[in-house]
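The values are calculated or read from the model by the stated rules, or taken from the named source; none is laboratory data. Fair warning: this is a prediction, and the values are worked out from it, not measured in the lab. Cβ atoms come from the backbone with ideal geometry, glycine included; neighbour counts cover every protein chain shown.
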């Protein structure tokens with residue numbers, strides 16, 4: 001869908017960035033990008049350059065998020081907010097079927113989405129990796145999801161390489177960033193005066209060729225690579241994925257599960273902001289006339305009590321059960337099930353946890369520290 005390695009590069013002056021927006025609009029794309037809304041960065045419509053979060057800078061720590069206006073001319077100095085690409089492909093609430101009574105029978109009609117070609121501007125490497133995981137889940141098995149597929153095929157992805165990391169980032173240890181390696185149509189690296197653009201697909205090259213680009217020197221490309229490598233080296237959090245998933249299975253009875261369960265609120269924030277979590281429920285929404293009903297898929301979480309309730313019994317009745325299931329699946333059984341980890345190191349679950357539970361800390365303790373309770 002999106003060939004991996006970039007084949008073309010050019011330098012776009014900051015004053016010429018509007019040409020990219022014009023080219024996208026002329027190609028028929030609506031443009032969504034990072035905007036400041038309600039004190040956070042979210043996806044919003046980009047009609048002009050000034051809609052971008054110019055000069056804004058994000059600070060994220062466990063359980064903390066804030067934006068600061070630095071007064072610079074940078075367009076993409078914020079790394080990410082709570083929203084990933086997931087909301088564009090696996091949407092929060094989506095009608096799947098309508099069921100209508102007809103005499104003594106009924107009819108069922110699928111409700112496929114009407115997709116609009118959409119350019120996502122400012123996608124980070126971790127979210128591209130997450131989209132690859134979601135593709136594996138929704139597209140690559142025997143039964144692909146037509147709702148996801150329709151929305152996915154409408155996306156034109158413009159990535160931004162990260163040259164600064166948040167305190168909660170650990171994508172380098174998961175080999176998912178900070179440099180976008182695949183899955184994009186265009187990718188850019190921002191500097192104070194300009195952007196280096198690379199095309200990664202035929203669709204990306206069509207837009208690329210319409211821009212007023214200057215040649216890029218080898219020295220400049222090396223400079224950008226050094227900045228990206230420095231971003232990776234600055235990340236203080238990490239996960240040793242080489243020992244997973246086996247060592248996590250061995251920690252099934254570790255007393256740390258009780259400790260983290262005492263702090264966890266089971267609020268579902270971690271799963272809502274996670275770019276790969278795909279738990280969902282279905283709802284039946286009948287009209288008042290009782291003649292028509294809508295079968296709707298909605299986001300759900302393995303942290304909700306009802307998610308583990310099947311045939312009169314809840315097989316995950318405690319928060320300990322739910323947290324253990326989530327973490328073990330994310331970094332353990334996900335590998336067995338899909339052949340890849342379910343974590344891309346974006347750090348959102350750390351930032352948006354109200355009590356600041358740190359996934360990397362929990363993994364380190366579970367996999368490296370002896371269980372004191374067993375040694376008493």
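A few comments on the model shown:
- Enumeration of residues in the stretch 62-96 that are farther than 25 Å from residue 131 by Cα and part of a strand (DSSP E or B): 64, 66, 67, 68, 69
- Per-region count, the stretch 281-321, residues surrounded by 12 or more Cβ atoms within 10 Å (Cβ to Cβ), in contact (Cβ under 8 Å) with a residue 24 or more places away in the chain and in a strand (DSSP E or B): 9
- Any hit, the stretch 316-331, residues being within 30 Å of residue 166 (Cβ to Cβ) and either touching a strand residue (DSSP E or B) at 6+ places or on another chain (Cβ under 6 Å) or modelled with pLDDT under 90 (or both): no
- Scanning the stretch 7-27 for residues that are in a strand (DSSP E or B) and at pLDDT below 95, we see that the one that is surrounded by the fewest Cβ atoms within 10 Å (Cβ to Cβ) is 8.
- Hits in the stretch 119-150 - residues which are buried (at least 24 other Cβ atoms within 10 Å of the Cβ) and either out of contact with any strand residue (DSSP E or B) (no Cβ under 7 Å at 6 or more places or on another chain) or not assigned by TED's automatic domain parsing to the domain that holds residue 190 (or both): 126, 127, 129, 130, 131
- Odd one out for residue 181, checked against (1) surrounded by fewer than 22 Cβ atoms within 10 Å (Cβ to Cβ); (2) under 28 Å from residue 118 (Cβ atoms); (3) at pLDDT 95 or above: (3)
- Residue 76 satisfies every condition listed in (1) without any contact (Cβ under 8 Å) to a residue 40 or more places away in the chain; (2) buried (at least 19 other Cβ atoms within 10 Å of the Cβ) except (1).
- Residue within the stretch 190-203 that is part of a helix (DSSP H, G or I) and touching a helix residue (DSSP H, G or I) at 6+ places or on another chain (Cβ under 6 Å) present: no
- Residue under evaluation residue 228, criteria (1) surrounded by fewer than 16 Cβ atoms within 10 Å (Cβ to Cβ); (2) over 30 Å from residue 323 (Cβ atoms), criterion not met: (1)
- Filtered residue count, the stretch 209-255, keeping only those that are touching a residue at least 40 places away in the same chain (Cβ under 8 Å), more than 22 Å from residue 344 (Cα to Cα) and not assigned by TED's automatic domain parsing to the domain that holds residue 332: 10
- Matching residues, the stretch 62-73, being more than 22 Å from residue 21 (Cβ to Cβ) and surrounded by fewer than 18 Cβ atoms within 10 Å (Cβ to Cβ): 63, 64, 66, 67, 68, 69, 70, 71
- Of the residues making up the stretch 28-39, those that are assigned to a strand (DSSP E or B) and surrounded by fewer than 17 Cβ atoms within 10 Å (Cβ to Cβ) are 30, 37.
- Residue list for the stretch 51-61, filter: surrounded by 21 or more Cβ atoms within 10 Å (Cβ to Cβ) and assigned to a loop (DSSP other than H, G, I, E, B): 52, 53
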